[in-house]
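These notes are about the structure you will find just below.
The values are calculated or read from the model by the stated rules, or taken from the named source; none is laboratory data. Because the structure is predicted, anything quoted here is derived from the model rather than measured. Quick reminder, even Gly has a Cβ in these numbers, built from the backbone with ideal geometry, and neighbours come from all protein chains shown. Each accessible area value is taken on the protein alone, full model and side chains, heavy atoms only, with ligands, DNA and RNA left out. Shrake-Rupley method; radii C 1.70, N 1.55, O 1.52, S 1.80 Å.
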Amino acid sequence: MTLFGLVRHGQTDYNLRGLFQGSSDIPLNATGREQAHHALDGAPDIAWDAAVSSPLGRAEETGRIIAEDHGIPFVGTDPRLTEIDWGAAEGHDVAEMEARYPGRAFPGREGLQAVADRGYLALDDLAERFPDQNVLVVAHGTFIRLLLSGVTGTHLPSIPNGALSLLRHEGESWQVEMIAGEAAEDPARTAPVGASPRFPLSEHHLRPYGL
């Protein structure tokens, strides 16, 4: 069984300005780097065996900062951990684009189920690579929220920058133990390895709960 620590990258200027960034490669700002240094503050005392990240600079830099601060081997990046591609909304104001395209139906937007399923496949491979180990995965807010929403079957609020969630995975079994620093008590769920969709999502999951 592999325990995954899912960490959202630190803040960027796009986050600060309320812009969609998605697959755009936007770097951390000074606040984001500070958040990376403190991402594991107050976290459960877990001996992390490896850290991996999305290849986008904001996630990779966050991962490398955490790894260096805590003596965790940084083992590389995986493109399947990249944030959702928001299509025509990339780089634009969130409120403006949501008003223009209800339901976040932006032209060229990546499908939410495709995002979640590539994420589950990446975790499958990491679980095979690191059996019975603890792996930090540094990725993105919507990406992490969709993964957790699928496993829990619930509509989740936004994942804060630098927040840690815990997901335990073995074979067909998945269990969320913590969401953005808050303990979760969801039972384990099963889904066939390689199934698509692994855990079905609905379009309303694109917007964080409460927005």
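Quick check, is residue 61 out of contact with any strand residue (DSSP E or B) (no Cβ under 6 Å at 6 or more places or on another chain), open to solvent by 30 Å² or more (accessible area, probe 1.4 Å) and not in a loop (DSSP other than H, G, I, E, B)?
No; evaluated as a whole, the condition is false for this residue.
Of the residues 93, 125, 132, 117, only one is acidic (Asp, Glu) and more than 22 Å from residue 9 (Cβ to Cβ); which?
Only one candidate qualifies: 132.
Whether any residue in segment 19-38 is open to solvent by 80 Å² or more (accessible area, probe 1.4 Å), assigned to a helix (DSSP H, G or I) and closer than 26 Å to residue 110 by Cβ is what I want to check.
For segment 19-38, residues open to solvent by 80 Å² or more (accessible area, probe 1.4 Å), assigned to a helix (DSSP H, G or I) and closer than 26 Å to residue 110 by Cβ: absent.
Quick one: residue 172 ticks every box in (1) open to solvent by 60 Å² or more (accessible area, probe 1.4 Å); (2) touching a Pro at 6+ places or on another chain (Cβ under 9 Å); (3) touching a residue at least 60 places away in the same chain (Cβ under 8 Å) bar one, so which box is it?
For residue 172, the failing item is (3).
Can you pull out every residue in segment 39-58 that is surrounded by fewer than 18 Cβ atoms within 10 Å (Cβ to Cβ) and within 30 Å of residue 106 (Cα to Cα)?
The answer is 55, 57.
Could you figure out which of (1) open to solvent by 30 Å² or more (accessible area, probe 1.4 Å); (2) at pLDDT 95 or above; (3) of a type in the set (A, V, I, L, M, F, W, C) isn't true of residue 148?
It is condition (1) that residue 148 fails.
When you go through (1) among the basic types (Lys, Arg); (2) open to solvent by 70 Å² or more (accessible area, probe 1.4 Å); (3) under 28 Å from residue 25 (Cα atoms) one by one for residue 118, which number turns out not to apply?
Only one criterion is unmet by residue 118, namely (2).
Being of a type in the set (D, E, K, R), part of a loop (DSSP other than H, G, I, E, B), in contact (Cβ under 8 Å) with a residue 12 or more places away in the chain and out of contact with any Phe, Trp or Tyr (no Cβ under 9 Å at 6 or more places or on another chain) is the filter here; which residues of segment 184-211 pass it?
Answer for segment 184-211, where residues must be of a type in the set (D, E, K, R), part of a loop (DSSP other than H, G, I, E, B), in contact (Cβ under 8 Å) with a residue 12 or more places away in the chain and out of contact with any Phe, Trp or Tyr (no Cβ under 9 Å at 6 or more places or on another chain): 186, 207.
Among the numbered conditions (1) under 17 Å from the mean Cα position of the chain (by Cα); (2) in a helix (DSSP H, G or I); (3) on the phi > 0 side of the Ramachandran plot, tell me where residue 80 comes up short.
That leaves (3) as the condition not met.
Can you say whether residue 98 is farther than 15 Å from residue 14 by Cβ, part of a helix (DSSP H, G or I), over 19 Å from the mean Cα position of the chain (by Cα) and touching a residue at least 40 places away in the same chain (Cβ under 8 Å), as far as the supplied structure shows?
Yes; evaluated as a whole, the condition is true for this residue.
Restricting segment 103-129 to residues that are among the charged types (D, E, K, R) and in a loop (DSSP other than H, G, I, E, B), which is nearest to the chain's Cα centre (by Cα)?
Ranking the qualifying residues of segment 103-129, first place goes to 110.
Looking at residue 161, is it touching a strand residue (DSSP E or B) at 6+ places or on another chain (Cβ under 6 Å), within 22 Å of residue 11 (Cα to Cα), at pLDDT 95 or above and open to solvent by 20 Å² or more (accessible area, probe 1.4 Å)?
Yes; evaluated as a whole, the condition is true for this residue.
Keeping to segment 182-211, report how many residues are in contact with a His (Cβ under 7 Å, 6 or more places away or on another chain) and either open to solvent by 30 Å² or more (accessible area, probe 1.4 Å) or of a type in the set (A, V, I, L, M) (or both).
Residues in segment 182-211 being in contact with a His (Cβ under 7 Å, 6 or more places away or on another chain) and either open to solvent by 30 Å² or more (accessible area, probe 1.4 Å) or of a type in the set (A, V, I, L, M) (or both): 2 in total.
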